[in-house]
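Visitor: I'd like to ask you about the structure that follows.
The values are calculated or read from the model by the stated rules, or taken from the named source; none is laboratory data. What you see is a predicted model; the values in this text were computed from it and never measured. Glycine gets a Cβ as well: all are built from the backbone with ideal geometry, and neighbour counts include every protein chain shown.
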Amino acid sequence: MTISRGPNFCVALTTVRQRAVVQTRARTKTKMALDSALSTPQRVAVIGGGLAGLSTTYHLLEKMPSGRHLSVEVFDKGLVGTAGASAVAGGLLHPLSPRGKLVHLGMEGLQATNYLLDKAQRSSADVGCTPESVVLRNELYRVAMTPNNVKQLQTTAQTLPELCEWVDSGTDLSGLFSEGDNSVLGALRMYNGCKVIHPPSYLSSLWAACESLADEKELSVSWNIIHGDDGFTESTLSAWKNRLKDFDAVVVSAGSGMFGTFLPLASLPIQLVRGQSLEMRIPSDAQWSKNALLCGKYVSPLADKDTVLVGATHEFQENALNVKGVLAELKIRTEGMVPKLWEQGVIQRMTVGYRVQSERGRHGRLPIVGRIPMPFAEALHRNAWVFSGLSSRGLLYHGIFGEALAGAVLQGNESLIHVSYPELAWWQKS
């Protein structure tokens, strides 16, 4: 049999091959879409409803494609905004180190957090809050107490004029400090996205935003309180594993409460830090308390206009400082800024929070974000993820990394995190 190869044979053969390639690609795309649909989790448990947990929850709901089903169930030991280190945080949102340097991903983190703040403020009325009770101030001040501080912060003001400005001592600082009896040499005013947040109001409002988004997209989200002996201990792990077996994925964002239970501290380059703060009532006519001030420690306004938060201790020892010890540590670091606080203020109560702090690396202290490796994951769930170790940068980093984690969980692909943020693999290499 002879095959005729006319002048159009090559063209026809090329066309056939092109069609075959197109059809193969189409089948591949269809299969990938089907695999994605089948692998996308439909039921996710988020353990811990603080900054990390609620950021992850919101982004899970937001990133879920339309027409798909998703149920996110949050487990926490208290009502929204009442438990854990997130609820008693200082609420100071800014991207600068104590020396005035821009921290790693500082501007990106600031933008991501402000995105969530906007969502929370829009939903604040649903939980009896107002936008003003979520964001208490739209600026804060890093105070210079030494000539070296002045030099560092003035350099920052020149380098980042879109974010901050230098304010000289004297008349420029009137109203910020009690005049004539402080050691302040000047201050760096931080604005344009830098804010003072009231954490309980923010967390409650962000949860309301999660509920609103779930309703809008016809998804499901729920809050579950962990009662008493039902917490995470060696004796309850088996019960928790059984409870979580019907979930497609589990995100552990419970901070210090989870570590040492199924994820041993000794296996990770982290440590637990205790932070104690004082809530102090001040005279209603005080003019020196209207703004948040930082210099090692901080003095920050609270929702009650006549109350400020002074914090926080940084304790690594097993036994906590007593009231006298906390008072001594905080007073010596803040009295130079606001001496009248210690003359006229009255201590209302002391708060305490435990947070997970990572080792300092090339990019500073980065959180633990990613899939929990075996054999630790097996103790809880076959598809377990972790988002913890935010430490003192919880407000700055919870938005940007919660979004990255949510995308990876929905696609079951941890490498998606490392493509955008390869530095987040640090804890798996240690």
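Visitor: Hey, among the residues in segment 289-299 that are surrounded by fewer than 23 Cβ atoms within 10 Å (Cβ to Cβ) and touching a residue at least 60 places away in the same chain (Cβ under 8 Å), which one's nearest to HIS94 (Cα to Cα)? Break it down into steps so the answer makes sense when it comes.
Guide: Step one: list which residues in segment 289-299 are surrounded by fewer than 23 Cβ atoms within 10 Å (Cβ to Cβ), which gives 290-291, 294-297.
Among the residues that remain, those that are also touching a residue at least 60 places away in the same chain (Cβ under 8 Å) are: 290-291, 294-296.
Numbers: LYS290: 18, ASN291: 14, LEU294: 11, CYS295: 14, GLY296: 14 Å.
So the residue we want is LEU294.
Visitor: Still on this structure: Only one residue in VAL346, VAL356 is crowded, with 23+ Cβ neighbours inside 10 Å and touching a residue at least 40 places away in the same chain (Cβ under 8 Å). Which one? Full working, then the answer.
Guide: Details: VAL346 fails: crowded, with 23+ Cβ neighbours inside 10 Å.
Criteria check complete, one pass: VAL356.
Visitor: Specify which of the listed residues (LEU278, LEU302) is surrounded by 15 or more Cβ atoms within 10 Å (Cβ to Cβ), within 22 Å of the chain's Cα centre (by Cα) and either on the phi > 0 side of the Ramachandran plot or not polar (S, T, N, Q) (or both). Give the derivation first.
Guide: Numbers: LEU278 fails: within 22 Å of the chain's Cα centre (by Cα).
From the options LEU278, LEU302, the qualifying one is LEU302.
Visitor: Kindly list the number of the only condition in (1) closer than 24 Å to LEU51 by Cα; (2) out of contact with any Ser or Thr (no Cβ under 8 Å at 6 or more places or on another chain); (3) surrounded by 19 or more Cβ atoms within 10 Å (Cβ to Cβ); (4) in contact (Cβ under 8 Å) with a residue 60 or more places away in the chain that fails for ALA83.
Guide: That leaves (4) as the condition not met.
Visitor: Determine, yes or no, whether GLY175 is out of contact with any helix residue (DSSP H, G or I) (no Cβ under 6 Å at 6 or more places or on another chain), at positive phi, surrounded by fewer than 22 Cβ atoms within 10 Å (Cβ to Cβ) and at pLDDT below 95. Reasoning before the result, please.
Guide: Values: out of contact with any helix residue (DSSP H, G or I) (no Cβ under 6 Å at 6 or more places or on another chain): yes; at positive phi: yes; surrounded by fewer than 22 Cβ atoms within 10 Å (Cβ to Cβ): yes; at pLDDT below 95: yes.
In short, yes.
Visitor: Being assigned to a strand (DSSP E or B), closer than 30 Å to ILE400 by Cβ, in contact (Cβ under 8 Å) with a residue 40 or more places away in the chain and touching a Phe, Trp or Tyr at 6+ places or on another chain (Cβ under 7 Å) narrows it down to one residue among LEU309, LEU366, LEU272; which is it? Before the answer, list the steps.
Guide: Values: LEU309 fails: touching a Phe, Trp or Tyr at 6+ places or on another chain (Cβ under 7 Å); LEU366 fails: assigned to a strand (DSSP E or B).
Only one candidate qualifies: LEU272.
Visitor: Turning to a different aspect of this structure: Do we find a residue being within 18 Å of LEU272 (Cβ to Cβ) and basic (Lys, Arg) anywhere in segment 389-404?
Guide: yes
Visitor: Continuing with this model, one more query. Does LEU116 satisfy being of a type outside the set (Gly, Ala, Ser), surrounded by 21 or more Cβ atoms within 10 Å (Cβ to Cβ) and farther than 15 Å from CYS295 by Cβ? Walk me through how you get there before you give the answer.
Guide: Values: of a type outside the set (Gly, Ala, Ser): yes; surrounded by 21 or more Cβ atoms within 10 Å (Cβ to Cβ): yes; farther than 15 Å from CYS295 by Cβ: yes.
So LEU116 passes the test.
Visitor: Kindly indicate whether any position in segment 316-323 is part of a helix (DSSP H, G or I) and more than 28 Å from the chain's Cα centre (by Cα). Even if it seems obvious, please write down each step before you answer.
Guide: Pass one, segment 316-323, residues part of a helix (DSSP H, G or I): 323.
Subset that is more than 28 Å from the chain's Cα centre (by Cα): 323.
Scanning segment 316-323 turns up at least one residue that is part of a helix (DSSP H, G or I) and more than 28 Å from the chain's Cα centre (by Cα).
This table checks each residue for (1) in contact with a strand residue (DSSP E or B) (Cβ under 6 Å, 6 or more places away or on another chain); (2) closer than 13 Å to ALA52 by Cβ.
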position: ARG362; (1), (2): no, no
position: ALA377; (1), (2): yes, no
position: PHE387; (1), (2): yes, yes
position: LEU395; (1), (2): yes, yes
position: LEU416; (1), (2): no, no
position: SER420; (1), (2): no, no
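Visitor: Can you tell me which residues in segment 144-163 are among the polar types (S, T, N, Q) and not in a loop (DSSP other than H, G, I, E, B)?
Guide: ASN148, ASN149, GLN152, GLN154, THR155, THR156, GLN158, THR159 - these are the residues of segment 144-163 that are among the polar types (S, T, N, Q) and not in a loop (DSSP other than H, G, I, E, B).
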